[in-house]
Every structure is written in structure tokens, then in C-alpha cells.
1. Are there any trypsin sites (Lys or Arg not before Pro) in the stretch 94-160 that are in a DSSP loop and have at most 13 other Cβ atoms within 10 Å? List them by number.
2. What FRET efficiency would be calculated for the residue pair Ala149, Lys390, taking the C-beta separation as r and a Förster radius of 51 Å, to the nearest 0.05?
3. Take every Cα pair under 8 Å in the chain that's 6+ residues apart, average their separations, divide by the length, and report that relative contact order as a whole percent.
4. I need the shape label for the stretch 322-447. Rule: rounded when a/c is under 1.5, else prolate if a/b > b/c, else oblate, with a, b, c from the alpha carbon gyration tensor.
5. Output the DSSP H helices from the chain with an along-axis C-alpha extent of no less than 24 Å and a mean Kyte-Doolittle hydropathy no less than -0.5.
6. Return a single number: how many Lys pairs in the chain, at a sequence separation of 8 or more or on separate chains, have alpha-carbon atoms below 25 angstrom apart.
7. Let me have the 222 nm mean residue ellipticity of the chain computed from DSSP H runs of 4+ only, each contributing -39500 (n - 2.57), with the sum over all residues rounded to the nearest 500.
8. Which residues in the stretch 41-62 have a backbone N closer than 12 Å to a point placed 7 Å from the Cα of Asn353 along the Cα-to-Cβ line?
Amino acid sequence: RPLVEPPPPLPALHASLGFSLLAFLWTLYLVPALGQTFVKAGLKGRDLLKVYNDDIPESMGLICASIYILLLILFIPFPFSHFMSLSTSEGLAKQEFPHFQLSVYLSSILSILMATLLGFLDDVFDIRWRHKVPIPIIASIPLLMVYYAESGNTNVVVPLPVRFLFGTLINLGPLYYVYMALLSTFATNSINIIAGINGSEVSQALIIAMSVVLNDLLYLPWSTSYRFRLPLYLLGGEADIDVGGVWSAGMAHGSRQLVERHLLSLYFMLPLVGVCLGFLYHNWYPARAFPGDTLCYVTGMAFAVVGIQAHFSKTLLLFFIPQIFNFVLSCPQLFGLVPCPRHRVPRFDANTNLLHPSKAMFERPPSRLSTVVLRLFAAFGLTELTTHPKSGTILEVTNLTILNFFLLRIGPMSEKRLTQTLIATQISGSLLAFIVRYGLAWLVYDG
Ligand code: UD1
Ligand code: MG
């Protein structure tokens, strides 16, 4: 027993909450304050679904990203303040400093910075798909290296029904790294392609971030007896931690580490929630500011960062259900089977102020593969085809996005309604994710 009790860990989480409030207020203030500066610099866009032609400042995600990254950097000393006070008063050896934790922070910030740069370049130069897809993969290398340094787990628990084939655990080895690298590209691009209506990008990011926060809170040691009481960790207690982790490979590492990882995730997600909330205010219908690709890339990378560093990438993917649906639906257009216009946003009818599904036109008759895929999609009600009355050849197809899908299934609606529908879907997706993760996991995984 040490002579002097170590002081309780300084409540970095409280600091993080304070920083998040700052993030919210700064974004709320700076977005309108800097809007005209962006317009003057040529960073502006026209709102495609309005009757008016005003210049709306674009790439305002750069302001959000700058505030976010600045606050993350200012925050770095806080999780280590406990150690710093110990090392001076108790004369602890400098080697004990948790260098590994620090490298987790630094590599995360580096990846987020790279995503910001890529997003901004995309806003300015409209980078081609084949060029921008690999960049997040490269940006994730620092994260993967840190994962590796921690003798990163590459085992996955095999679901019960197929265990007779593969056994309980399979080691994916390098494939697991490939999967994590792809996660960063998916997270960044999938948000970006549910876009074009006011509030869509930032509300996706906001709900995913809040879902991650909620998930992290489940892992804090609230109390030994009842999970939803005061978090003992904040009070300096060393509670035995009861975690609901079933899938998590982190279980093997002991609960203290699990708590630390989810705290890390909170430190990255809470200010993101602040920034997104502040920005949503200005991006809400009718939008006074556009996020640009910068916001999509920054938020997407932040999700990949916490998913990888805190070891919950599979749970994270569950929060992307609408994005996965939209991605699968988009594949024929993204991979060239079906023409992909520059904008796939719904069609705006100025007389009624309602949105309708927009269409892509075939200039040449579609290939046999495209026809089969589109007929299949149409059979499931995912798209609507216009065919030649005599030959039956497909002439037009509604653009393959979740937004057009809503309009097809529910009927024409206003832009604001469509955003609200997207938000409701995203929230339902997260609810489903929690049910699958914590409610149904026992069906496929034993405790
Ligand atoms: C993605 C989509 C594209 C969609 C576009 C809309 C894919 C493959 N790409 O492209 O189909 O049309 O987003 O953002 O699915 N805009 C609005 N209202 C908004 C937000 C944006 O009208 O609420 C318009 C503005 O003119 C703005 C432009 O969209 O200037 C920004 O488009 P950008 O983000 O550059 O498009 P991409 O991400 O390349
Ligand atoms: Mg975009």
C-alpha cells in the first residue's frame, strides 16, 4: 500500500463535456461569421432544390473540422493530468508515462487531419472517385500501426450456427487490417453519398456520434450494483466492472482497458456531437451553410478512428445501417453499370414545393447484367424503370439512392420532410443496432 493515496483521476470526462459545449458554441457563432469569407474565396454553391439562386457558403465543414481538431489538441493533456500530478509529487519514474495512450491520441488526430485535408481538396478540386477512395485507406495506416503495436487482436468470434465449420475463433490475420482500412473509406464516403438535401450529411453524423456515445456509456463502471448510477470511475473508485461485451475481443484484455478505450471514444465523440449540433442549426432547412465534403470526411474518419482504437468496429458498422443500404443500392451507379449523373439529388417541383424521385437516362441500351440487376431492384421496389413500350428495353431508371427510395415508397414530400424521414430512419437503425448488439447477440454468440 503506497504511503500516500494516489489522487483520484482528474475528471477528464468533465473537461471533455466542457470542450463539447465550447465546440457547439464556437460552431454556432463562427459558421455565420465566416460565411461571406468563404463565398468571397469561391467556396459557394447553389441550393439545387430551391427556387432562389443565392450563393450559399460551401465547405463550411472546414470550420467544424478546425474547431474539432483544435479542441482535440487542447484536450490532450487532460487524460494524462492524473499521471502528471503523480509524477511530480510522488517522484514516479518518467518511464511510466503511458506513451502508448499518447500514441493512440496522436495517431487518431493525424488520421482526422488527413481526412480534413482530403475533404477540403475534394471540395476545391472535385477529385475523381478512383483517386479519392484510396486516400482514407492510407490515412488509416497510423491507426493500424498503433493497433498492431498493442498486439492487436485479429481474432473474430464465429457465430454459433457456423461454428461447426470454423471453430469458435478464427484469426483473420492481415485480412483484419484490410477490413479496418476499408472501414475508414466506407465511413467517409458513405455519409457523403446520402447528400444534397438540407441537413442530411450533418444529421447522419450527429445521430451516429450520439449512438456511439450511448454505447460508450454502457461500458463505464457506473456502479457495482446498478449500472445506471454515478460513474465510480469519475469519483476515483476502482469498481469491478460489469460490461455487456459479448462480441468484443477486448474482453480478453481485462475490464480496466475496456473502460479506458470507451473513455477515449467519448473524448473523440463528445466534441463531435457539439460541432454537429452547432452546424445543424445553420444547415437546417432552408440551409444558410453547406457542409461540403470536408464535414463528411472528418466525421466519417472520426468514426473509423474510435471504431478501430476502441475496438468496436463491428458495433460501429451496426450504426451505419442506412448508409450500408444506400451503398448497396448505389453500387450499380458507383461501379458504372448504370449511368451516374453528377447529382443524384431528388427532382424539385417548384410549383408544389415537393420532391420527386430523379432519374438517370440510358444513352445506349443497358448491358444484360445491368438489365438483370435493375429488374431485380425494381422487383423489390427499390427503383422504378421506364421501358420502351415495344422492345421493353430500359430507357430510364430512378437514381439509386435511399432518398429517392423514400420518395418512391412514401410518395413526393417536401425537402424538410425528407430530411426528417432520413433522421427517423437513422434513429431506428441505431435502435435496431442496440437490439441486435445487446438483445440478440446471445442467439448467435454465447456469453
Ligand atoms: C454527392 C452525391 C451526389 C449528390 C451530391 C449532393 C453520389 C455518388 N454523389 O456528390 O449524387 O448530388 O452529393 O451534395 O451519390 N447541395 C444542395 N443542398 C444541400 C447540400 C448540397 O443543393 O443541402 C448541392 C449544392 O449545390 C452544393 C453541392 O450539392 O454545392 C455539393 O455537392 P458535393 O458535396 O460536391 O457532391 P458530391 O459529394 O461529389
Ligand atoms: Mg458531398
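1. Arg128
2. FRET efficiency, Ala149 to Lys390: 0.20.
3. Relative contact order, the chain: 22 percent.
4. Because a/c hits 1.5 or more and a/b fails to exceed b/c, the stretch 322-447 counts as oblate.
5. Within the chain the helices that satisfy the rule are 12-40, 99-125, 174-192, 200-217, 255-283, 292-309, 415-434.
6. The number of close lysine pairs in the chain is 8.
7. Helices in the chain give a 222 nm mean residue ellipticity of -18500 deg cm²/dmol.
8. Of the residues in the stretch 41-62, 51 have backbone N under 12 Å from the label point off Asn353.
Read-outs: derived from the displayed coordinates by stated rules, not from any lab. Keep in mind the model is a prediction, meaning the values are calculated, not measured. Neighbour counts run over all protein chains shown; Cβ positions are idealised from the backbone, glycine included.
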